[in-house]
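The block underneath contains the structure these notes are about, expressed in structure tokens.
The values are calculated or read from the model by the stated rules, or taken from the named source; none is laboratory data. Predicted model, so just to flag it, every value in this text is computed and none were measured. Using ideal geometry, Cβ is built from the backbone for each residue, glycine included, and neighbour counts are taken over all protein chains shown.
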Amino acid sequence: MMPLSLSDVGQMVVIQKISGNDEVKLHLAELGFVVGEEISIVNKNGGNLIVNVKDSRIALDRNLANRIYI
Amino acid sequence: MGIKIALAGNPNSGKTTLFNDLTGSRQYVGNWPGVTVEKKEGKLKGAEYKDVVIQDLPGIYSLSPYTLEEVVSRTYLVTEKPDAIINIVDGTNIERNLYLTTQLLELNIPMVVALNMMDLVRKNGDTVNVKALSEALGCEVVELSALKGEGTDALIKRAVDAAKAGKTSQSREVLSGNVKAAVDKIAEIIGSASDSKFLRFNAIKAFERDEKAIEGLNLSSSQKDQIEKVIAETEKSMDDDSESIITNERYNYITGVTAKAVKKGRAKGELSVSDKIDRIVTNRVLGLPIFAVVMFLIYAIAMGGWSVSIGTAATDFTNDVIFGEWVPGFFDALLGVFGVVEGSVLYGLIQDGIVAGVGAVIGFVPQMLVLFLLLAILEDIGYMARVAFVMDRIFRQFGLSGKAFIPCLVATGCGVPGVMASRTIENERDRKMTLMTTTFMPCGAKLPIIGLIAGAVFGGSPWIAASAYFIGIGSIVLSGIILKKFKAFAGIPAPFVMELPAYHIPSVSGVLRATWERGWSFIKRAGSVIVISSVIIWFLSAFGTVNGHFGLVDNLFEDESIVTESYINELADRMDVPAEDVNAMDASLLASVGNGVSFVFKPLGFGNWKPTVATVTGLVAKEEVVGTFGVLYNYDDSEEELGEEGEGIWPRVAEDYTPIAAFSFMIFNLLCAPCFAAIGAIKREMNNAKWTWAAIGYMTGWAYVLALIVYQLGGLFVGEVAFGIGTVVGAIFLAALLYLLFRKGYQATEADKNLNAVKANA
């Protein structure tokens, strides 16, 4: 397992775990970030990411990207 | 009896587009999540539906609100219960959108799913089997393309039928195995405490430990304990928290549904055109320069002094020709026909009051329209959300979220929607801080002020407009750094999560409509508020006491027996102007009132009664600052000069102000308390009188300190202001500012870190 932020642009990866337990985690889940979901990074900007999840593009900051493990 | 139908769906799924189509209203539409922050009601078009009301709601991802505008939707759906729901599902993004659908179905309200953006779905090569989808969801599904108006008739017929029949969808089982058993058990425990219609919904909410839902049920403590036991057991056996368990169950169910009904044309993870654009636009290196160029181009085209600056060209035409010759000429002729002679009260009221005041404002409408048009295009393309993303990396270093940038960008059009856009900010402290600083941005109504100062004093230099913009952004960033060091605002900003909508080519009609709607509201204001305040300003400036005689100051000034040399000298002394510059208006009521307060602005370099009055009238509407100038500098009564309002007053304005004083005046008026409309919006969003006053006080204080530093220290530097006590005060202010910027400040404790706006306002 490694944080999503270490993954390369364009590579398909599967979410293994999302750490933490707060309303942000729930919000991420509503947006499609759930364990077992296949996602890919569209672009990186200094640690901030644009992620393709369930055919929508979600922008995440670096700290949040580090909470998603693949 | 009326029928209420609510539009519910994910942000940016096209609810407002459909709402406008169904009701004929013109609510604002934009291509970024969070455009609609309030619910809007409208009557359905068509004679057969005259008792049907449509309710547009802010977009939501689920019935558990994450940001403030989502609370509005949840409250409406759960407690006010519409007769039917139209659930708009973005067809290009079905899986994520159906998440909300599964929750809405549990509400047991008649519902129709509108599968929107079908034109794009076909273009992407995807196919959706509507019949299979409808079968799998247990509710009706209608294909729709709200933007093109396809499928709306069929949709509304089904929705109205569903509302009339009151038939709810056949529930399909979303949950499975252990989870279903647990929720069933909880439903049993809750029993008669819940309305049987909402038992299932409440049981799931209780399983998720949703405090609001549990509170509404008034359960006994033994019931609560039993429920908690069931939850704990299930959590243990599934090794996950209850909320995640339900989320996973929903997505598992949805995967099953889409497997039956949806075929994707594109392989998963394949780059779309939007993605390719994003690779460049949100690039780590290019992102910021691209944004800077975009903003510079917008201001250059709207306000610059080049050949591409169509806004400036149109404004010059309006000022020189329409309000320079045509309108005053027309009124001259018209008044002549009715025998109203120059010098009479009525002539003065119309030409010097209304035409001069309104003309000074209307002249800037072309520039505003160009600015609004360009901003509308920017919003419609889908660039706004990208800007927030690109700026987040920078803003976060100062303790701000990139999301705070969207209200700022919206505020470059108008401060009121800018203030309201702050609802999408999750962290309560950041939201308050954004409310306090958003109106620093130069809004459309402040353009005339910039235009006047740039034109009259700086020879139309485009750098004045650009500097106004950077002073706005700079003030927001510096305020962010300073305020974050106080305990009330300390803490890291909420994590940045934001959906980026796909880029699309802006629709011509949509962009033109948005431009016109905003521009029209300015023109309407020019015809109402500005007329009234110009008339009041004119009256107060036309009447006064000259050497003990009350009346029209212009006429009294012509009487040599009243206006003696000693009186002129005394007046010049009182008004602080050279004796040869004294004119009739200096004896007016307005001059004496303004003069009484003007000492406040003396340290800023414009302690004269005219700019003082203009600054105060700016509270009514910022463009009225220029309207007031139009009236007050239109004093020369020689025949040919009368009526040249726009640029006609520029030489006189230039005479009265040194460049540094004019710049200081501009800074103060750009940054100080916004107009009453924006103050009202801040008050509504703060929902607290103390905070509202704090916001107004902070903005005015900031404006004063900055203008003083610029005038005193900048003036000393360029040799316009002599060294004196003002220099010392300016230096002290600057030192204090630097101290506040660089001090260590309050360190946030763990508890301070994330104060959710939804919880804070519950």
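Conditions first: (1) within 30 Å of residue B:319 (Cβ to Cβ); (2) touching a Cys at 6+ places or on another chain (Cβ under 7 Å). Residue B:471 passes all but one, so which condition is the exception?
Of (1) within 30 Å of residue B:319 (Cβ to Cβ); (2) touching a Cys at 6+ places or on another chain (Cβ under 7 Å), only one is false for residue B:471: (2).
With the structure loaded, tell me whether residue B:275 is crowded, with 19+ Cβ neighbours inside 10 Å and without any contact (Cβ under 8 Å) to a residue 12 or more places away in the chain or whether it fails that test.
yes
Give the residue, chosen from B:177, B:149, that is on the phi > 0 side of the Ramachandran plot and touching a residue at least 40 places away in the same chain (Cβ under 8 Å).
Among B:177, B:149, only B:149 is on the phi > 0 side of the Ramachandran plot and touching a residue at least 40 places away in the same chain (Cβ under 8 Å).
More than 14 Å from chain A (Cβ to nearest Cβ), among the small types (Gly, Ala, Ser) and touching a residue at least 12 places away in the same chain (Cβ under 8 Å) - does that describe any residue in the stretch B:445-452?
yes
Which condition from (1) away from chain A (no Cβ under 14 Å); (2) out of contact with any Ser or Thr (no Cβ under 6 Å at 6 or more places or on another chain); (3) touching a residue at least 24 places away in the same chain (Cβ under 8 Å); (4) more than 30 Å from residue B:91 (Cβ to Cβ) is the one that residue B:537 breaks?
Against the list (1) away from chain A (no Cβ under 14 Å); (2) out of contact with any Ser or Thr (no Cβ under 6 Å at 6 or more places or on another chain); (3) touching a residue at least 24 places away in the same chain (Cβ under 8 Å); (4) more than 30 Å from residue B:91 (Cβ to Cβ), residue B:537 comes up short only on (2).
Quick check on the stretch B:250-262. Is at least one of its residues buried (at least 19 other Cβ atoms within 10 Å of the Cβ), out of contact with any Asp or Glu (no Cβ under 8 Å at 6 or more places or on another chain), within 12 Å of chain A (Cβ to nearest Cβ) and modelled with pLDDT of 90 or more?
Within the stretch B:250-262, one or more residues are buried (at least 19 other Cβ atoms within 10 Å of the Cβ), out of contact with any Asp or Glu (no Cβ under 8 Å at 6 or more places or on another chain), within 12 Å of chain A (Cβ to nearest Cβ) and modelled with pLDDT of 90 or more.
In the stretch A:43-53, how many residues are buried (at least 23 other Cβ atoms within 10 Å of the Cβ), within 8 Å of chain B (Cβ to nearest Cβ) and touching a residue at least 40 places away in the same chain (Cβ under 8 Å)?
Residues that pass the stated criteria total 0.
Which members of the stretch B:22-64 meet the condition of being of a type in the set (Asp, Glu), within 17 Å of the chain's Cα centre (by Cα) and in a strand (DSSP E or B)?
Matches in the stretch B:22-64: none.
Going by the conditions given, is residue B:721 surrounded by 11 or more Cβ atoms within 10 Å (Cβ to Cβ), without any contact (Cβ under 8 Å) to a residue 24 or more places away in the chain, over 22 Å from residue B:489 (Cβ atoms) and over 32 Å from the mean Cα position of the chain (by Cα)?
So residue B:721 does not fit the description; no.
Which is within 22 Å of residue B:299 (Cβ to Cβ) and either out of contact with any Cys (no Cβ under 6 Å at 6 or more places or on another chain) or modelled with pLDDT under 85 (or both), of B:488, B:494, B:514?
B:514
Of these, B:222, B:244, B:237, B:274, which one is within 14 Å of chain A (Cβ to nearest Cβ), in a helix (DSSP H, G or I) and either more than 21 Å from residue B:173 (Cβ to Cβ) or over 40 Å from the mean Cα position of the chain (by Cα) (or both)?
B:274
Go through (1) within 8 Å of another protein chain (Cβ to nearest Cβ); (2) outside any strand (DSSP E or B) and name the single condition residue A:1 misses.
Against the list (1) within 8 Å of another protein chain (Cβ to nearest Cβ); (2) outside any strand (DSSP E or B), residue A:1 comes up short only on (1).
Tally time: how many residues in the stretch B:704-750 are part of a loop (DSSP other than H, G, I, E, B) and either closer than 18 Å to residue B:667 by Cβ or of a type in the set (Asp, Glu) (or both)?
Number satisfying all stated conditions: 2.
So if I check each of B:386, B:396, which one is surrounded by fewer than 24 Cβ atoms within 10 Å (Cβ to Cβ), touching a residue at least 60 places away in the same chain (Cβ under 8 Å) and closer than 23 Å to residue A:48 by Cα?
That would be B:396, the only listed residue that is surrounded by fewer than 24 Cβ atoms within 10 Å (Cβ to Cβ), touching a residue at least 60 places away in the same chain (Cβ under 8 Å) and closer than 23 Å to residue A:48 by Cα.
Taking the residues in the stretch A:23-37 that are more than 7 Å from chain B (Cβ to nearest Cβ) and under 25 Å from residue B:59 (Cβ atoms) as candidates, determine which candidate is surrounded by the fewest Cβ atoms within 10 Å (Cβ to Cβ).
Only one residue fits best here, namely A:37.
If we scan the stretch B:361-380, do we find a residue that is modelled with pLDDT under 85, more than 28 Å from residue B:321 (Cα to Cα), touching a Gly at 6+ places or on another chain (Cβ under 8 Å) and among the small types (Gly, Ala, Ser)?
Within the stretch B:361-380 (the criterion being modelled with pLDDT under 85, more than 28 Å from residue B:321 (Cα to Cα), touching a Gly at 6+ places or on another chain (Cβ under 8 Å) and among the small types (Gly, Ala, Ser)), the answer is no, since none of the residues qualifies.
Condition check ((1) touching a Cys at 6+ places or on another chain (Cβ under 7 Å); (2) in a strand (DSSP E or B); (3) among the β-branched types (Val, Ile, Thr); (4) within 16 Å of residue B:102 (Cα to Cα)) across all residues:
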| residue | (1), (2), (3), (4) |
| --- | --- |
| B:114 | no, yes, no, yes |
| B:121 | no, no, yes, no |
| B:125 | no, no, no, no |
| B:131 | no, no, no, no |
| B:134 | no, no, no, yes |
| B:141 | no, yes, yes, yes |
| B:148 | no, no, no, no |
| B:153 | no, no, no, no |
| B:156 | no, no, yes, no |
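Pull up the stretch B:207-229, narrow it to residues that are under 18 Å from residue B:248 (Cβ atoms) and modelled with pLDDT of 85 or more, then point me to the one that is surrounded by the most Cβ atoms within 10 Å (Cβ to Cβ).
Within the stretch B:207-229, the match that is surrounded by the most Cβ atoms within 10 Å (Cβ to Cβ) is B:207.
Scan the stretch A:59-70 for residues that are assigned to a helix (DSSP H, G or I) and either on the phi > 0 side of the Ramachandran plot or more than 7 Å from chain B (Cβ to nearest Cβ) (or both) and report the count.
Final tally of qualifying residues: 2.
Any residue in the stretch B:487-501 that is within 7 Å of chain A (Cβ to nearest Cβ) sitting within a Cβ distance under 9 Å of a residue that is assigned to a loop (DSSP other than H, G, I, E, B) and of a type in the set (A, V, I, L, M)? List the pairs, counting only those 6 or more apart or interchain.
Within 9 Å, the pairs are B:497/A:31; B:499/A:31.
Residues to consider are A:19, A:40, A:7; find the one that is under 23 Å from residue B:286 (Cβ atoms) and either among the aliphatic types (A, V, I, L, M) or more than 9 Å from chain B (Cβ to nearest Cβ) (or both).
After applying the criteria, what remains is A:7.
Can you name the residue in the stretch B:51-73 that is out of contact with any Leu (no Cβ under 8 Å at 6 or more places or on another chain) and closer than 20 Å to residue B:20 by Cα and, of all such residues, is nearest to the other protein chains (Cβ to nearest Cβ)?
Among those that are out of contact with any Leu (no Cβ under 8 Å at 6 or more places or on another chain) and closer than 20 Å to residue B:20 by Cα, it is B:59.
Evaluate the following for residue B:759: is it of a type in the set (Lys, Arg), within 32 Å of the chain's Cα centre (by Cα), modelled with pLDDT under 90 and on the phi < 0 side of the Ramachandran plot?
yes
Taking the condition of being of a type outside the set (Asp, Glu), part of a helix (DSSP H, G or I) and either under 18 Å from residue B:496 (Cβ atoms) or modelled with pLDDT of 90 or more (or both), how many residues in the stretch B:420-445 meet it?
15
So residue A:56 ticks every box in (1) of a type in the set (Ser, Thr, Tyr); (2) more than 10 Å from the chain's Cα centre (by Cα); (3) more than 7 Å from chain B (Cβ to nearest Cβ) but one. Which box is left unticked?
Just one mismatch for residue A:56, condition (3).
Are any of the residues in the stretch B:309-327 assigned to a helix (DSSP H, G or I), modelled with pLDDT under 80 and under 19 Å from residue B:467 (Cα atoms)?
yes
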